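Reading through the structure tokens given below for one structure.
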Amino acid sequence: MEKYTESEIGILYEGVCDRNEGLMRKYLTRIRLNQEPTKRALPIVWQRWREYVGIRKLLKFQLNRCQNAIEPGKADMQRAFKKWRSGPAHLTTELWRLPIETIVQLAIRTTKDLEECGDQIAENSAIQNHLMMQRDEFLNYYIKGQILAMGYLKDRNKFVKMQACSRWLWARRMLTKVDFERQIRDAAYLHANLGQQQASLTTENARLGSENKELHQFGQDGSVIRKNMERLKAETEKIKSRITDTDEDYRELQEKNAELQKQVAEAEAKVAAQGHNRGAFQKLATLKGESHAEGEVKVGAAAKEEPETEAEKQQRERFERLAKLHQGAGLR
């Protein structure tokens, strides 16, 4: 731990985390592909394709090396590169020239260097093991953190759902309350309107009742008037018939009066032709009138003394009606 700085530890930690995330993504991808029947053979095909590509690259490398060994210029370059990689050749010649003590010292020093390298390798291995343990611990913490995060996310999601549900229920309750208040207000308005309509209908009913009574009285009056009209119509028919009879009697009397006037005129003409005195005629007429009046008085007294017959009564009534009709005609 003393040989690694904080930045190097951070870089190593990020590399381990990236590698674990890559492996986790690969494992999840393989699990998801295994769950799908149509894509279950895709990882096997991909692995075989990688092996095929690796073998092809190896064959290509060997074939290129053989091709370089055959060509003159590339063969020399390949031998020079191999020699450069193996080290300078003059060191080998110098080692042959050195004495044995120097070579032993070099061997001892090399052994010590190898031991130090072994110690460093062991220390590095311990550090690597410690890092692996830390990686495993960090991985466990990471998994636990993921589990806790998923649990917290689940609880938070449930809490948010419950909160949203409670808010929705509260909003729904408030809207229901507003709807109920609106319905109560509308019902109150409707009740008031119905009360007003009931009052107006009551007054209208009372007015219509009075009008109905009046119309009923008018109906009764109309029936009475209709009966009176029928009675008057019957009486009018009777009067018409009587008037017709009276007109006939009046016509007969007019005819008789015309005959009498004609006879009087003939008599006057005869008297004038015979040369009688006009004074004597007037005296005669006066005497006749007095005698006629005395006769009428006598007849009236006799009528008062004697009871009139039915025929005389009808004739008298007919003359009275005729006189009334003539009097009415004169008034008109």
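Determine whether N140 is assigned to a helix (DSSP H, G or I), under 60 Å from the mean Cα position of the chain (by Cα) and within 26 Å of C17 (Cα to Cα). So N140 fails the test. Of the conditions (1) surrounded by 10 or more Cβ atoms within 10 Å (Cβ to Cβ); (2) within 58 Å of the chain's Cα centre (by Cα), D18 fails just one. Which one is it? All conditions pass for D18, except number (2). Listed by first and then second residue, the pairs linking a residue in segment 1-23 that is closer than 13 Å to L139 by Cα to a residue that is basic (K, R) and modelled with pLDDT of 75 or more, with Cβ atoms under 6 Å apart and 6 or more places separating them unless they lie on different chains, are V16/R135.
Taken together, the criteria place E36 among residues that are without any contact (Cβ under 8 Å) to a residue 40 or more places away in the chain, within 30 Å of Y142 (Cα to Cα) and acidic (D, E). N205 meets the stated requirement of being surrounded by 10 or more Cβ atoms within 10 Å (Cβ to Cβ), outside the structural domain of R316 (by TED's automatic domain parsing) and modelled with pLDDT of 85 or more. Whenever a residue of segment 174-198 is in a helix (DSSP H, G or I), it has no partner that is surrounded by fewer than 10 Cβ atoms within 10 Å (Cβ to Cβ) lying with C-beta atoms less than 8 angstrom away and at least six residues away or across chains.
The values are calculated or read from the model by the stated rules, or taken from the named source; none is laboratory data. Quick caveat: nothing in here was measured; it's all calculated off a predicted structure. Neighbour counts are summed over all protein chains in view; Cβ atoms, including those assigned to glycine, are modelled from backbone coordinates with ideal geometry.
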